[in-house]
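Have a look at the structure below before the remarks.
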Amino acid sequence: PPGTLCRTKPTDLVFILDSSRSVRPHEFEKMKVFVSRVIEALDVGPNATRVGLVNYGSSVRSEFSLRSHQGKAALLQAVRALRPLSTGTMTGLAIQFALSRAFSAAEGGRGSAPGVKKVAIVVTDGRPQDGVQDVSARARAAGIEIFAIGVGRVDMGTLRQMASEPLDEHVDYVESYSVIEKLTHKFQEAFCVVSDLCATGDHDCEQLCVSTPGTYRCACRDGFSLNSDGRTCTACNGGLGSALDLVFLIDGSKSVRPENFELVKKFINQIVDSLEVSEKQAQVGLVQYSSSVRQEFPLGQFKSKKDIKAAVKKMSYMEKGTMTGQALKYLVDSSFSAINGARPGVPKVGIVFTDGRSQDYISDAAKKAKDSGFRMFAVGVGNAVEDELREIASEPVAEHYFYTADFRTISKIGKKLQMKICVEEDPCECKSIVKFQSKVEELISSLQQ
(Lines give C-alpha, C1' and ligand atoms only; values in the text may rest on other atoms or scores of the structure.)
Protein backbone atom coordinates (compact mmCIF):
# COMPACT_ATOMS: atom_id res chain seq x y z
CA PRO A 1 0.00 0.00 0.00
CA PRO A 2 1.09 3.63 -0.50
CA GLY A 3 3.52 4.79 2.14
CA THR A 4 4.72 1.32 3.09
CA LEU A 5 8.48 1.36 3.43
CA CYS A 6 9.08 -2.26 2.52
CA ARG A 7 7.52 -5.48 1.35
CA THR A 8 8.12 -8.43 3.66
CA LYS A 9 8.09 -12.08 2.89
CA PRO A 10 5.09 -13.67 4.60
CA THR A 11 6.42 -13.85 8.17
CA ASP A 12 5.11 -14.99 11.54
CA LEU A 13 6.94 -12.68 13.96
CA VAL A 14 6.79 -13.11 17.73
CA PHE A 15 8.41 -10.70 20.17
CA ILE A 16 9.52 -12.28 23.48
CA LEU A 17 10.05 -9.48 25.99
CA ASP A 18 11.73 -9.73 29.39
CA SER A 19 9.74 -7.61 31.88
CA SER A 20 11.38 -8.96 35.04
CA ARG A 21 11.90 -6.75 38.07
CA SER A 22 15.31 -5.62 36.78
CA VAL A 23 13.56 -3.83 33.90
CA ARG A 24 12.39 -0.54 35.35
CA PRO A 25 9.11 1.00 34.15
CA HIS A 26 10.74 3.75 32.04
CA GLU A 27 13.02 1.12 30.47
CA PHE A 28 10.03 -1.03 29.59
CA GLU A 29 8.55 2.01 27.83
CA LYS A 30 11.73 2.28 25.73
CA MET A 31 11.39 -1.39 24.80
CA LYS A 32 7.80 -0.74 23.70
CA VAL A 33 9.00 2.12 21.48
CA PHE A 34 11.54 -0.21 19.85
CA VAL A 35 8.85 -2.83 19.15
CA SER A 36 6.54 -0.17 17.73
CA ARG A 37 9.22 1.20 15.39
CA VAL A 38 9.92 -2.27 14.00
CA ILE A 39 6.19 -2.89 13.45
CA GLU A 40 5.71 0.51 11.80
CA ALA A 41 8.07 -0.44 8.98
CA LEU A 42 6.51 -3.85 8.30
CA ASP A 43 4.04 -4.85 5.62
CA VAL A 44 1.40 -6.07 8.10
CA GLY A 45 -1.54 -8.20 7.02
CA PRO A 46 -3.04 -11.71 7.21
CA ASN A 47 -1.17 -12.72 4.05
CA ALA A 48 1.98 -10.74 4.79
CA THR A 49 3.51 -10.26 8.25
CA ARG A 50 1.60 -11.38 11.34
CA VAL A 51 2.83 -10.22 14.75
CA GLY A 52 2.43 -11.75 18.20
CA LEU A 53 3.95 -10.76 21.53
CA VAL A 54 4.92 -12.75 24.62
CA ASN A 55 5.70 -11.01 27.91
CA TYR A 56 7.61 -12.93 30.56
CA GLY A 57 9.04 -12.72 34.05
CA SER A 58 8.64 -15.64 36.46
CA SER A 59 5.69 -16.67 34.32
CA VAL A 60 4.72 -16.18 30.69
CA ARG A 61 1.83 -14.10 29.39
CA SER A 62 0.65 -13.99 25.80
CA GLU A 63 -0.21 -10.32 25.23
CA PHE A 64 -1.56 -10.90 21.73
CA SER A 65 -1.27 -13.74 19.26
CA LEU A 66 -0.45 -13.93 15.56
CA ARG A 67 -4.17 -13.94 14.79
CA SER A 68 -5.19 -11.16 17.21
CA HIS A 69 -4.60 -8.09 15.04
CA GLN A 70 -4.88 -7.89 11.26
CA GLY A 71 -3.71 -4.28 10.91
CA LYS A 72 -0.79 -2.12 11.95
CA ALA A 73 -2.84 0.42 13.91
CA ALA A 74 -4.37 -2.25 16.14
CA LEU A 75 -0.94 -3.79 16.77
CA LEU A 76 0.56 -0.46 17.78
CA GLN A 77 -2.35 0.20 20.14
CA ALA A 78 -1.83 -3.20 21.74
CA VAL A 79 1.88 -2.47 22.23
CA ARG A 80 1.07 0.85 23.93
CA ALA A 81 -1.17 -1.00 26.39
CA LEU A 82 1.58 -3.40 27.56
CA ARG A 83 2.45 -3.51 31.27
CA PRO A 84 5.55 -5.15 32.83
CA LEU A 85 5.26 -8.27 35.02
CA SER A 86 8.10 -7.20 37.38
CA THR A 87 9.03 -10.66 38.61
CA GLY A 88 11.80 -13.18 37.76
CA THR A 89 13.56 -14.10 34.50
CA MET A 90 12.32 -17.41 33.07
CA THR A 91 13.66 -16.97 29.55
CA GLY A 92 13.70 -20.70 28.75
CA LEU A 93 10.06 -21.00 29.76
CA ALA A 94 9.18 -18.10 27.46
CA ILE A 95 10.93 -19.71 24.48
CA GLN A 96 9.16 -23.01 25.23
CA PHE A 97 5.84 -21.14 25.25
CA ALA A 98 6.64 -19.60 21.88
CA LEU A 99 7.58 -23.00 20.44
CA SER A 100 4.52 -24.86 21.69
CA ARG A 101 1.88 -22.11 21.67
CA ALA A 102 2.75 -18.76 20.06
CA PHE A 103 3.66 -20.23 16.66
CA SER A 104 0.87 -22.85 16.69
CA ALA A 105 -1.96 -22.89 14.16
CA ALA A 106 -4.45 -22.25 16.97
CA GLU A 107 -2.71 -18.93 17.68
CA GLY A 108 -2.53 -17.93 14.01
CA GLY A 109 0.78 -19.52 13.05
CA ARG A 110 1.08 -20.70 9.48
CA GLY A 111 3.31 -23.64 10.38
CA SER A 112 5.14 -25.17 7.47
CA ALA A 113 3.22 -23.24 4.81
CA PRO A 114 5.58 -22.67 1.88
CA GLY A 115 7.33 -19.31 1.85
CA VAL A 116 6.32 -18.31 5.40
CA LYS A 117 9.18 -17.45 7.76
CA LYS A 118 8.98 -17.92 11.53
CA VAL A 119 10.95 -15.34 13.50
CA ALA A 120 11.31 -14.71 17.24
CA ILE A 121 12.97 -11.60 18.70
CA VAL A 122 14.02 -12.09 22.33
CA VAL A 123 14.87 -8.98 24.39
CA THR A 124 16.39 -9.54 27.85
CA ASP A 125 18.58 -7.67 30.33
CA GLY A 126 19.64 -10.38 32.74
CA ARG A 127 20.77 -13.96 33.34
CA PRO A 128 17.88 -16.44 32.99
CA GLN A 129 16.80 -18.45 36.03
CA ASP A 130 16.29 -21.52 33.86
CA GLY A 131 18.06 -23.19 30.94
CA VAL A 132 17.78 -21.82 27.42
CA GLN A 133 20.20 -23.92 25.38
CA ASP A 134 18.11 -27.06 24.77
CA VAL A 135 14.78 -25.33 24.26
CA SER A 136 16.36 -22.81 21.87
CA ALA A 137 17.89 -25.66 19.87
CA ARG A 138 14.45 -27.29 19.59
CA ALA A 139 12.93 -23.98 18.47
CA ARG A 140 15.58 -23.50 15.80
CA ALA A 141 15.12 -27.13 14.65
CA ALA A 142 11.41 -26.37 14.26
CA GLY A 143 12.31 -23.63 11.78
CA ILE A 144 12.15 -20.61 14.08
CA GLU A 145 14.81 -17.98 13.39
CA ILE A 146 15.83 -16.46 16.74
CA PHE A 147 17.28 -12.97 17.22
CA ALA A 148 18.66 -12.35 20.73
CA ILE A 149 19.01 -8.77 22.01
CA GLY A 150 20.86 -8.21 25.26
CA VAL A 151 20.71 -5.04 27.34
CA GLY A 152 23.01 -3.79 30.10
CA ARG A 153 24.34 -6.55 32.37
CA VAL A 154 23.00 -9.39 30.27
CA ASP A 155 24.86 -12.70 30.07
CA MET A 156 26.32 -12.77 26.53
CA GLY A 157 26.79 -16.54 26.63
CA THR A 158 23.06 -16.96 27.09
CA LEU A 159 22.37 -14.80 24.05
CA ARG A 160 24.63 -16.98 21.92
CA GLN A 161 22.89 -20.14 23.17
CA MET A 162 19.54 -18.75 22.05
CA ALA A 163 20.36 -17.14 18.72
CA SER A 164 20.35 -18.63 15.24
CA GLU A 165 23.45 -18.84 13.06
CA PRO A 166 25.32 -16.81 11.95
CA LEU A 167 25.61 -15.37 15.45
CA ASP A 168 27.02 -12.02 14.34
CA GLU A 169 23.75 -11.37 12.51
CA HIS A 170 21.45 -12.68 15.24
CA VAL A 171 23.04 -11.44 18.49
CA ASP A 172 22.91 -7.75 19.41
CA TYR A 173 23.92 -5.85 22.52
CA VAL A 174 23.08 -2.34 23.70
CA GLU A 175 24.33 -0.59 26.82
CA SER A 176 20.88 0.42 28.03
CA TYR A 177 17.26 0.52 26.98
CA SER A 178 17.65 4.22 26.22
CA VAL A 179 19.63 3.32 23.08
CA ILE A 180 17.76 0.17 21.99
CA GLU A 181 16.08 2.20 19.24
CA LYS A 182 19.35 2.23 17.33
CA LEU A 183 18.65 -1.42 16.43
CA THR A 184 15.38 -0.48 14.71
CA HIS A 185 16.91 0.01 11.27
CA LYS A 186 18.62 -3.38 11.40
CA PHE A 187 15.35 -5.21 11.97
CA GLN A 188 13.50 -3.12 9.43
CA GLU A 189 16.07 -4.23 6.85
CA ALA A 190 16.04 -7.83 8.09
CA PHE A 191 12.37 -8.24 7.21
CA CYS A 192 12.36 -6.25 3.98
CA VAL A 193 12.46 -8.03 0.65
CA VAL A 194 12.12 -4.80 -1.33
CA SER A 195 12.98 -1.64 0.56
CA ASP A 196 11.94 1.80 -0.65
CA LEU A 197 15.36 3.34 -0.07
CA CYS A 198 14.14 6.70 -1.37
CA ALA A 199 11.45 6.84 1.32
CA THR A 200 13.83 5.83 4.11
CA GLY A 201 16.47 8.33 2.98
CA ASP A 202 19.02 5.54 2.63
CA HIS A 203 20.46 6.84 -0.64
CA ASP A 204 23.06 9.36 -1.84
CA CYS A 205 21.21 11.16 -4.63
CA GLU A 206 21.94 14.89 -4.75
CA GLN A 207 18.48 15.94 -6.00
CA LEU A 208 15.85 13.28 -6.81
CA CYS A 209 15.59 9.60 -5.91
CA VAL A 210 13.44 7.22 -7.95
CA SER A 211 12.55 3.83 -6.45
CA THR A 212 12.76 0.72 -8.58
CA PRO A 213 12.20 -2.89 -7.45
CA GLY A 214 14.93 -3.75 -4.98
CA THR A 215 16.99 -0.66 -5.66
CA TYR A 216 16.83 2.99 -6.76
CA ARG A 217 18.24 5.40 -9.31
CA CYS A 218 19.09 9.07 -9.07
CA ALA A 219 17.53 11.80 -11.20
CA CYS A 220 17.74 15.59 -11.51
CA ARG A 221 15.29 18.48 -11.51
CA ASP A 222 14.38 20.30 -14.72
CA GLY A 223 17.33 22.30 -16.03
CA PHE A 224 19.90 19.92 -14.56
CA SER A 225 21.57 16.81 -15.95
CA LEU A 226 22.85 13.71 -14.17
CA ASN A 227 26.63 13.48 -13.99
CA SER A 228 28.63 10.39 -14.91
CA ASP A 229 28.80 9.34 -11.24
CA GLY A 230 25.05 8.63 -11.41
CA ARG A 231 24.52 10.64 -8.23
CA THR A 232 25.20 14.36 -8.61
CA CYS A 233 23.57 16.91 -10.92
CA THR A 234 24.96 19.76 -13.00
CA ALA A 235 23.14 22.81 -14.32
CA CYS A 236 22.54 22.57 -18.07
CA ASN A 237 24.77 20.82 -20.56
CA GLY A 238 28.07 22.07 -21.96
CA GLY A 239 28.37 24.99 -24.40
CA LEU A 240 29.41 28.56 -23.80
CA GLY A 241 26.79 28.92 -21.08
CA SER A 242 28.86 26.78 -18.74
CA ALA A 243 32.05 28.80 -19.15
CA LEU A 244 33.99 30.11 -16.14
CA ASP A 245 37.17 32.17 -15.70
CA LEU A 246 38.66 31.31 -12.31
CA VAL A 247 41.80 32.94 -10.90
CA PHE A 248 43.51 31.89 -7.67
CA LEU A 249 45.34 34.66 -5.77
CA ILE A 250 47.67 32.82 -3.38
CA ASP A 251 49.59 34.23 -0.43
CA GLY A 252 53.24 33.08 -0.69
CA SER A 253 54.58 35.06 2.26
CA LYS A 254 57.09 33.59 4.66
CA SER A 255 54.48 33.11 7.41
CA VAL A 256 52.73 30.43 5.33
CA ARG A 257 55.71 28.07 5.75
CA PRO A 258 56.84 25.59 3.07
CA GLU A 259 54.83 22.62 4.33
CA ASN A 260 51.57 24.60 4.28
CA PHE A 261 52.38 26.05 0.87
CA GLU A 262 52.51 22.49 -0.45
CA LEU A 263 49.07 21.87 1.06
CA VAL A 264 47.72 24.96 -0.70
CA LYS A 265 49.11 23.71 -4.00
CA LYS A 266 47.44 20.38 -3.43
CA PHE A 267 44.17 22.16 -2.64
CA ILE A 268 44.36 24.16 -5.89
CA ASN A 269 44.90 21.00 -7.91
CA GLN A 270 42.03 19.19 -6.24
CA ILE A 271 39.73 22.07 -7.19
CA VAL A 272 41.04 21.91 -10.74
CA ASP A 273 40.10 18.23 -10.75
CA SER A 274 36.46 19.19 -10.11
CA LEU A 275 36.26 21.56 -13.11
CA GLU A 276 35.58 20.86 -16.76
CA VAL A 277 38.62 22.49 -18.29
CA SER A 278 38.46 23.44 -21.98
CA GLU A 279 38.46 26.48 -24.25
CA LYS A 280 34.66 26.75 -23.97
CA GLN A 281 34.25 25.81 -20.32
CA ALA A 282 36.51 26.44 -17.32
CA GLN A 283 39.76 28.37 -17.62
CA VAL A 284 42.11 28.67 -14.66
CA GLY A 285 44.74 31.27 -13.85
CA LEU A 286 47.11 31.46 -10.90
CA VAL A 287 48.82 34.43 -9.24
CA GLN A 288 51.18 34.24 -6.26
CA TYR A 289 52.02 37.26 -4.16
CA SER A 290 54.28 38.20 -1.26
CA SER A 291 56.29 41.46 -1.31
CA SER A 292 55.66 41.47 -5.07
CA VAL A 293 53.16 39.83 -7.45
CA ARG A 294 53.99 37.03 -9.84
CA GLN A 295 51.63 35.57 -12.41
CA GLU A 296 52.31 31.85 -12.43
CA PHE A 297 50.15 31.31 -15.51
CA PRO A 298 47.30 33.29 -17.14
CA LEU A 299 43.77 32.17 -18.02
CA GLY A 300 43.72 29.85 -20.99
CA GLN A 301 47.43 29.09 -21.13
CA PHE A 302 46.78 25.48 -20.24
CA LYS A 303 43.95 23.63 -21.97
CA SER A 304 43.79 20.53 -19.78
CA LYS A 305 43.65 19.65 -16.11
CA LYS A 306 46.86 17.67 -16.44
CA ASP A 307 48.85 20.66 -17.69
CA ILE A 308 47.37 23.03 -15.07
CA LYS A 309 48.17 20.62 -12.24
CA ALA A 310 51.72 20.12 -13.49
CA ALA A 311 52.24 23.91 -13.52
CA VAL A 312 50.87 24.25 -9.98
CA LYS A 313 53.19 21.55 -8.69
CA LYS A 314 56.19 23.34 -10.20
CA MET A 315 55.30 26.67 -8.57
CA SER A 316 58.08 27.87 -6.26
CA TYR A 317 57.47 29.52 -2.90
CA MET A 318 58.20 33.29 -2.85
CA GLU A 319 58.61 33.45 0.95
CA LYS A 320 58.64 37.22 1.57
CA GLY A 321 56.03 39.84 2.65
CA THR A 322 52.24 40.15 2.31
CA MET A 323 51.21 42.81 -0.24
CA THR A 324 47.57 41.77 -0.62
CA GLY A 325 46.46 45.16 -1.94
CA GLN A 326 49.05 45.08 -4.71
CA ALA A 327 47.93 41.55 -5.59
CA LEU A 328 44.27 42.56 -5.78
CA LYS A 329 45.17 45.46 -8.06
CA TYR A 330 47.00 43.03 -10.34
CA LEU A 331 43.95 40.75 -10.38
CA VAL A 332 41.68 43.60 -11.46
CA ASP A 333 44.02 45.22 -13.97
CA SER A 334 45.67 42.17 -15.49
CA SER A 335 44.35 38.72 -14.54
CA PHE A 336 40.86 39.25 -15.92
CA SER A 337 41.97 41.23 -18.97
CA ALA A 338 41.54 39.95 -22.53
CA ILE A 339 45.30 40.02 -23.08
CA ASN A 340 45.65 37.46 -20.27
CA GLY A 341 43.00 35.11 -21.65
CA ALA A 342 39.79 36.39 -20.03
CA ARG A 343 36.68 35.94 -22.19
CA PRO A 344 33.97 38.62 -22.51
CA GLY A 345 30.60 37.73 -21.04
CA VAL A 346 31.97 34.82 -19.02
CA PRO A 347 31.45 34.69 -15.21
CA LYS A 348 34.65 35.59 -13.37
CA VAL A 349 35.58 34.27 -9.95
CA GLY A 350 38.54 35.22 -7.79
CA ILE A 351 39.62 33.11 -4.80
CA VAL A 352 41.98 34.99 -2.49
CA PHE A 353 43.87 32.86 0.03
CA THR A 354 45.88 34.52 2.81
CA ASP A 355 47.28 33.73 6.24
CA GLY A 356 48.21 37.18 7.53
CA ARG A 357 47.58 40.93 7.66
CA SER A 358 48.26 42.83 4.48
CA GLN A 359 51.27 45.17 4.55
CA ASP A 360 49.57 47.58 2.16
CA TYR A 361 46.20 49.20 1.56
CA ILE A 362 43.53 46.89 0.11
CA SER A 363 40.26 48.87 0.11
CA ASP A 364 40.43 50.52 -3.33
CA ALA A 365 41.48 47.38 -5.19
CA ALA A 366 38.96 45.20 -3.31
CA LYS A 367 36.16 47.63 -4.17
CA LYS A 368 37.18 47.83 -7.80
CA ALA A 369 37.18 44.03 -8.13
CA LYS A 370 33.61 43.82 -6.92
CA ASP A 371 32.48 46.86 -8.90
CA SER A 372 33.87 45.14 -11.99
CA GLY A 373 31.43 42.27 -11.44
CA PHE A 374 33.96 39.73 -10.23
CA ARG A 375 32.68 37.22 -7.69
CA MET A 376 35.30 37.41 -4.92
CA PHE A 377 35.84 34.78 -2.25
CA ALA A 378 38.23 35.39 0.63
CA VAL A 379 39.67 32.48 2.61
CA GLY A 380 41.78 33.25 5.67
CA VAL A 381 43.86 30.96 7.85
CA GLY A 382 45.82 31.55 11.05
CA ASN A 383 46.77 35.22 11.43
CA ALA A 384 44.55 36.48 8.61
CA VAL A 385 42.54 39.57 9.57
CA GLU A 386 38.81 39.03 9.34
CA ASP A 387 38.08 42.69 8.60
CA GLU A 388 40.32 42.41 5.53
CA LEU A 389 38.64 39.20 4.42
CA ARG A 390 35.24 40.87 4.67
CA GLU A 391 36.50 43.80 2.66
CA ILE A 392 37.67 41.51 -0.14
CA ALA A 393 34.54 39.36 -0.17
CA SER A 394 31.55 39.97 -2.46
CA GLU A 395 28.07 40.64 -1.14
CA PRO A 396 26.50 39.12 0.82
CA VAL A 397 29.77 39.18 2.71
CA ALA A 398 28.84 36.39 5.12
CA GLU A 399 28.56 34.00 2.20
CA HIS A 400 31.84 34.97 0.56
CA TYR A 401 34.46 35.11 3.30
CA PHE A 402 35.72 32.27 5.45
CA TYR A 403 38.17 32.10 8.31
CA THR A 404 39.63 29.25 10.30
CA ALA A 405 42.39 29.25 12.90
CA ASP A 406 44.15 26.28 11.32
CA PHE A 407 43.78 23.60 8.69
CA ARG A 408 42.27 21.14 11.15
CA THR A 409 39.00 23.05 11.12
CA ILE A 410 39.00 24.25 7.53
CA SER A 411 36.57 21.51 6.49
CA LYS A 412 33.74 23.60 7.97
CA ILE A 413 34.18 26.06 5.13
CA GLY A 414 32.85 23.59 2.61
CA LYS A 415 29.38 23.46 4.14
CA LYS A 416 29.07 27.24 4.06
CA LEU A 417 30.13 27.47 0.41
CA GLN A 418 27.70 24.93 -1.00
CA MET A 419 24.89 26.30 -3.15
CA LYS A 420 25.74 29.96 -2.45
CA ILE A 421 27.82 30.93 -5.44
CA CYS A 422 25.04 30.95 -8.03
CA VAL A 423 22.41 32.84 -6.03
CA GLU A 424 20.30 35.14 -8.23
CA GLU A 425 22.03 33.96 -11.39
CA ASP A 426 20.76 31.79 -14.19
CA PRO A 427 22.22 28.39 -13.21
CA CYS A 428 22.80 27.70 -16.91
CA GLU A 429 25.45 30.43 -16.84
CA CYS A 430 27.60 28.91 -14.16
CA LYS A 431 27.83 25.17 -14.60
CA SER A 432 31.46 25.03 -13.56
CA ILE A 433 30.81 27.17 -10.48
CA VAL A 434 28.06 24.80 -9.35
CA LYS A 435 30.38 21.87 -9.83
CA PHE A 436 33.18 23.67 -8.00
CA GLN A 437 31.10 24.43 -4.91
CA SER A 438 29.64 20.94 -4.71
CA LYS A 439 33.16 19.51 -4.48
CA VAL A 440 34.63 22.01 -2.02
CA GLU A 441 33.82 20.13 1.16
CA GLU A 442 35.39 16.91 -0.11
CA LEU A 443 38.45 18.74 -1.37
CA ILE A 444 39.05 20.68 1.82
CA SER A 445 38.69 17.46 3.80
CA SER A 446 41.46 15.97 1.66
CA LEU A 447 43.55 19.08 2.19
CA GLN A 448 43.10 18.72 5.92
CA GLN A 449 44.46 15.17 5.77
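The values are calculated or read from the model by the stated rules, or taken from the named source; none is laboratory data. Just so we're clear, the structure is a prediction, and the values are computed from it rather than from any experiment. Using ideal geometry, Cβ is built from the backbone for each residue, glycine included, and neighbour counts are taken over all protein chains shown. Surface accessibility is based on the protein's heavy atoms, side chains included, excluding ligands, DNA and RNA. Shrake-Rupley method; radii C 1.70, N 1.55, O 1.52, S 1.80 Å.
A few remarks follow.
- Annotation for the stretch 123-195: GluC sites (Glu not before Pro) lying in DSSP loop with at most 16 further Cβ atoms inside 10 Å of their Cβ are Glu175.
- Residues whose amide H falls under 5 Å from that of Thr322, counting only those 5 or more places apart or on a different chain, are Gln359, with hydrogens built in the peptide plane.
- Cα-based Rg / Dmax (Å) for the stretch 6-192: 14.7, 41
- Measuring nothing but how far apart in sequence close Cα pairs (under 8 Å, 6+ apart) lie, relative to its length, the stretch 244-421 scores a relative contact order of 21 percent.
- Were the residues from His185 through Glu276 laid out at 0.36 nm apart, the gain over their Cα-Cα distance would be 28.8 nm.
- Cα-projected label distance for Arg127 with Ser178, points at 7 Å along beta-carbon direction, nm: 2.6
- Filtered GluC sites (Glu not before Pro), the stretch 324-403: DSSP coil and at most 15 other beta carbons within 10 Å: none
- For the stretch 244-421, average projected area of the Cα convex hull in nm²: 9.0
- Computing FRET efficiency as 1/(1 + (r/R0)^6) for Asp134 and Ala219, where r is the C-beta to C-beta distance and R0 is 45 Å, gives about 0.25.
- Extension gain from Gln207 to Arg83, taking 0.36 nm per residue of separation minus the Cα-Cα distance: 40.1 nm
- Computed from the Cβ-Cβ distance with R0 of 60 Å, the FRET efficiency linking Ala310 to Asp168 stands at 0.80.
- Farthest towards the positive end of the charge dipole of the stretch 6-192, among the residues Leu53, Ile16, Gly88, is the Cα of Leu53, using unit charges on the Cβ of Lys, Arg, Asp and Glu.
- Bridging of Lys348 to aspartates and glutamates at a Cα separation below 12 Å is possible for Asp245, Glu429, once same-chain residues fewer than 8 apart are set aside.
- Under the Karplus curve 6.51 cos²θ - 1.76 cosθ + 1.60, θ = phi - 60°, whole-Hz ³J(HN,Hα) for the stretch 340-352, x wherever Gly or Pro sits: 9, x, 5, 10, x, x, 9, x, 10, 10, x, 10, 9
- Annotation: amide H of Glu276 within the under-5 Å range of Ala282, sequence separation 5 or more or interchain, hydrogens built in the peptide plane.
- When Lys306, Lys348 are compared by accessible area of protein heavy atoms, the largest-first order is Lys306, Lys348, using a 1.4 Å probe.
- Residues in the stretch 111-117 carry Karplus couplings, in order, of x, 9, 4, x, x, 9, 7 Hz; the curve used is 6.51 cos²θ - 1.76 cosθ + 1.60 with θ = phi - 60°, and Gly or Pro positions show x.
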